[in-house]
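Chemist: What follows is a structure written as structure tokens; I'll ask about it next.
The values are calculated or read from the model by the stated rules, or taken from the named source; none is laboratory data. From a predicted model like this one, the values you see are computed outputs, not experimental measurements. Using ideal geometry, Cβ is built from the backbone for each residue, glycine included, and neighbour counts are taken over all protein chains shown. All accessible areas refer to the heavy atoms of the entire protein, side chains included, with ligands and DNA or RNA removed. Shrake-Rupley method; radii C 1.70, N 1.55, O 1.52, S 1.80 Å.
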Amino acid sequence: MNTLNSYEIPGHVSIIEGQGGLCAIRIETEWSSAEVYLLGAHVTRFGKKGEAPLLFMSGLSDFQAGKPIRGGVPVIYPWFGPREGLPSHGFARLAEWDLTESTLLPDGAVRLVFKLPPNGPGEVVFAVTVGRTLVIELVVTNDGAEDLAFETCLHTYFNIGDIHRIEVSGLHGVRYIDKVSGEQLCDSHDVIRFSGEVDRVYQDTDATVEIRDPALKRAILVRKNGSHSTIVWNPWIEKSKRMPDFGDEEYLKMVCVESGNVGDNAPTLTPGDQSTLRVELDSVALG
Ligand code: TA6
């Protein structure tokens, strides 16, 4: 394996000592910048020049081997949610991934590729393309002789101006599991507004989701391919207070819109089969 510095690209890709002394990669393009930690192949920052960061990061996040980073884009694999005696949301976000590629693309975007060190069946590769938008792709290949069942999710935390004023659209008419009430419901509203904890697992949807944010005068677009589940989450007041790596007031400035394949949408790959989950994050100014 090459040394990390061999992946540097002057003016575009640099290896830095990040928070907690962890190894991180800083990416600069003519339109945007980003940061990715080897811990969890975790994108902690993405922003277009002249605009507020697109991703939320908690000011209380841990940056420590074996602990999840709170914010950005946690890579969730091979299970979503709690598991008795096992880490919540799987082990991929706790692992130190290997950087295997860094490329300056002809259009000026930068593409990094990470590989999860083998931990049982399944080869897992994560690609990050930083340019006018942020494109993230999680590719799972069944490299074993048995069927491989798993869940995946790109658990993205978005930076917003005021939770009371945003509107999330794109999920009208989609059935969801409400993890706060435990009910199976169908979203009959045109938009989701927030006035308490929201934790919803929408199933069988490949729709683009829009986060309309009047406080920051922009709309964030979450476009996805190969994902049939969308999770919408804000912890609100009480849950925020129970999270040591999350500020009591930080719920005001974030919302998670997560793209994955979980629950009824969890895939099973036959030997040699491959599944790609692709998400593109973009923003447009509100008139
Ligand atoms: O995606 C929403 C959710 O499953 C919530 O229930 C909440 O637990 C959140 O993920 C964060 O989970 P974490 O394990 O990162 O604290």
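Chemist: Hey, with R₀ at 35 Å, roughly what FRET efficiency would Glu146 and Ser181 work out to, going by the Cβ-Cβ distance, to 0.05?
Modeler: On the way: r = 37 Å, r/R0 = 1.06.
Efficiency, from the Cβ-Cβ distance: 0.40.
Chemist: I would also like to ask the following. What distance in nm lies between label points placed 7 Å from Cα along the C-beta direction at Glu249 and Ala52?
Modeler: Reported label-point gap for Glu249 and Ala52 is 1.4 nm.
Chemist: Using only C-alpha positions, report the orientation-averaged shadow area of the convex hull of region 228-287, nm², one decimal.
Modeler: On the way: hull surface 28.2 nm².
Taking a quarter of the hull surface, the average projection is 7.1 nm².
Chemist: Bin width 5 Å, origin at 0, all Cα-Cα pairs of the chain: what percent of pairs per bin?
Modeler: It works out to 1, 6, 12, 17, 19, 18, 14, 8, 4, 1, 0, in whole percents.
Chemist: Also, I was wondering about something else. What fraction, in whole percent, of alpha-carbon pairs in region 183-287 exceed 18 Å separation? Each step should come with its number before you reach the end.
Modeler: Values: 3174 of 5460 pairs.
That fraction is 58 percent.
Chemist: Let me ask something else about it. Compute the label zone of Asp282 within region 187-218: residues whose backbone N is under 16 Å from the point 7 Å along Cα-to-Cβ.
Modeler: 207-212, 218, by backbone N distance to the label point.
Chemist: What's the tally of Lys pairs in region 177-287 whose alpha-carbon atoms lie under 18 angstrom apart, where the two lysines are 8 or more places apart or on different chains? Working shown, then result.
Modeler: Working: Lys179/Lys239; Lys217/Lys253; Lys239/Lys253; Lys241/Lys253.
For region 177-287, qualifying lysine pairs total 4.
Chemist: Cα-Cα pairs above 27 Å in region 87-229: how many percent?
Modeler: Values: 3730 of 10153 pairs.
The answer is 37 percent, as a whole percent.
Chemist: While we're looking at this one, here's another question. Assuming R0 = 30 Å, what is the FRET efficiency of Glu84 and Ser169, from their Cβ-Cβ distance, to the nearest 0.05?
Modeler: 0.25
Chemist: I'd like the accessible area for Met57: 1.4 Å probe, protein heavy atoms, all chains in place, Å² to the nearest 10.
Modeler: In the full protein context, Met57 sits at about 50 Å².
Chemist: Assuming R0 = 35 Å, can you tell me the calculated FRET efficiency for the pair Ala207 and Thr3, based on Cβ-Cβ distance, to the nearest 0.05?
Modeler: Taking R0 as 35 Å, the efficiency between Ala207 and Thr3 is 0.25.
Chemist: Which percent of the accessible heavy-atom area of the chain goes to carbon and sulfur, probe 1.4 angstrom?
Modeler: 49
Chemist: Separate question: Quick one: length gained pulling Leu221 to Ile237 fully straight, 0.36 nm per residue minus the C-alpha distance?
Modeler: Length gained between Leu221 and Ile237: 3.2 nm.
Chemist: To continue, here is another question. What figure, in Å² to the nearest 10, do you get for the accessible area of Trp236 with a 1.4 Å probe and non-protein molecules left out?
Modeler: Accessible area of Trp236: about 40 Å².
Chemist: At 1.4 Å probe size, with no ligands or nucleic acids counted, give the accessible surface of Thr268 in Å², nearest ten.
Modeler: We get 80 Å² for Thr268.
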